[in-house]
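Reviewing the structure listed below.
The values are calculated or read from the model by the stated rules, or taken from the named source; none is laboratory data. Model, not experiment: these values are computed from the prediction. Neighbour counts run over all protein chains shown; Cβ positions are idealised from the backbone, glycine included.
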Amino acid sequence: MNNKIGVMQGRLLPKYQGRYQAHPVGYWENEFFVAREIGLDCIEFIIDYENAEDNPLIKDGGIDEIKAVVKQTGVTVKTICADYFMEAPLHSENIEIADSSQKLMISLLNNAAKLGVTDIVIPCVDQSTLADLEAADRFVEKLSPVVVVAEKYGINLSLETDLAPQPFVELIERFNSNKVTVNYDTGNSASLGYNPVEELEAYGDKITDIHIKDRILNGGPVILGQGDVNFDSFFKKLSEIDYQGPFIMQAYRDEEGVSVFKSQLEWVKVYFSSLYDKKY
């Protein structure tokens, strides 16, 4: 199995400002050591809107800080989740916000290339959803110059949306670039009531980053196996498309901390072992 198994930043540490999914300013390095202890390969680094200037992905000297902890632990950073754009969408109707976000995205690509990052996830869900054709048009307009930079570095811009398969594929095709790809989130798909087999058939090799979590239909996250994700169908179909990207654990987390994460990791490893005919 060439696929890396990683975790979304913040999931293995105490909450940061009340959130598990966040860049934990001031103690982010600690998670790399926990991840190594658990046996994970990588961390999907987050850049938030709040305190963005303190994030090592963009602050002066920050990339060297990340490289140092990667060298020390062996836990890599191959993917970035740009939650920043949840609060400041590239397709914002506010031109100043859209222009500023475009500029930050290009800076992020320049620095991500220094880390050997393969994917930057751009969320277009919840408050940053592409609610209508006008929003999609603005998104394509602002992202298109960014795609040119991504192609230069060979970095995927992995889109996470709440669109159904057909309109999602149509959106991606508007860029005419193999560097605009799909971030597939198992939990979000189940919450929206989509069929994973139909989705994987539609997306195929456009999928370059996968978030593993479970959710109930029209509801929130639950422990893996207790929600509405059909993991049997998902992994069976995934085996047919030769997915080579990472699996990022975004699984349910509670006050129990790392123990509940470990149990879910062991649960999903059964699928990895079956999928790749190798024990994990």
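Counting only residues that are out of contact with any strand residue (DSSP E or B) (no Cβ under 8 Å at 6 or more places or on another chain) and acidic (Asp, Glu), the range 15-49 holds 3 of them. Only a single criterion out of (1) within 27 Å of VAL258 (Cα to Cα); (2) modelled with pLDDT under 95 is not satisfied by GLU53, namely (1).
A single entry from ALA135, ALA82, ALA88, ALA164 fulfils the requirement of being among the aliphatic types (A, V, I, L, M), under 26 Å from ASN2 (Cβ atoms) and at pLDDT 95 or above: ALA82. Within the range 129-143, residues that are within 19 Å of GLU160 (Cβ to Cβ) sit with their Cβ atoms under 6 Å from residues that are modelled with pLDDT of 95 or more and among the polar types (S, T, N, Q), at 6+ positions apart or across chains, in these pairs: LYS142/GLN102. Among the residues of the range 29-74, those that are touching a helix residue (DSSP H, G or I) at 6+ places or on another chain (Cβ under 8 Å), β-branched (Val, Ile, Thr) and free of Cβ contacts under 8 Å to residues at least 60 places away in the same chain comprise ILE43, ILE58, ILE63, ILE66, VAL69, VAL70, THR73. When the residues of the range 26-69 are narrowed to those that are aliphatic (A, V, I, L, M) and in contact with a Phe, Trp or Tyr (Cβ under 7 Å, 6 or more places away or on another chain), which ends up surrounded by the most Cβ atoms within 10 Å (Cβ to Cβ)? So the residue we want is ILE43. Taken over the range 225-280, the residue count meeting the criterion of being at positive phi and modelled with pLDDT under 95 is 3.
Note on the range 166-179: residues that are touching a residue at least 24 places away in the same chain (Cβ under 8 Å) and either part of a loop (DSSP other than H, G, I, E, B) or among the β-branched types (Val, Ile, Thr) (or both) total 6. Sort out which residues of the range 187-210 are in contact with a strand residue (DSSP E or B) (Cβ under 6 Å, 6 or more places away or on another chain) and either within 29 Å of VAL149 (Cα to Cα) or modelled with pLDDT under 95 (or both), and write them in order of number. Within the range 187-210, TYR203, LYS206, ILE207, THR208, ASP209, ILE210 meet the criteria. The residue list ILE172, ILE216 contains one member that is in contact with a strand residue (DSSP E or B) (Cβ under 7 Å, 6 or more places away or on another chain) and surrounded by 18 or more Cβ atoms within 10 Å (Cβ to Cβ), which is ILE172.
Among the residues making up the range 7-28, those that are part of a strand (DSSP E or B) and free of Cβ contacts under 8 Å to residues at least 40 places away in the same chain are TYR16, ARG19.
Does LYS78 meet the test of being loosely packed, with under 15 Cβ neighbours inside 10 Å and basic (Lys, Arg)? Judged against the criteria, LYS78 is not a match. For the range 108-130, filtered to residues that are surrounded by fewer than 16 Cβ atoms within 10 Å (Cβ to Cβ) and polar (S, T, N, Q), the residue that is nearest to THR79 (Cα to Cα) is ASN110. Residue check: is PHE261 closer than 11 Å to ALA190 by Cβ and either exposed (fewer than 13 other Cβ atoms within 10 Å of the Cβ) or over 17 Å from the mean Cα position of the chain (by Cα) (or both)? Considered against the rule, which asks whether it is closer than 11 Å to ALA190 by Cβ and either exposed (fewer than 13 other Cβ atoms within 10 Å of the Cβ) or over 17 Å from the mean Cα position of the chain (by Cα) (or both), PHE261 comes out as no.
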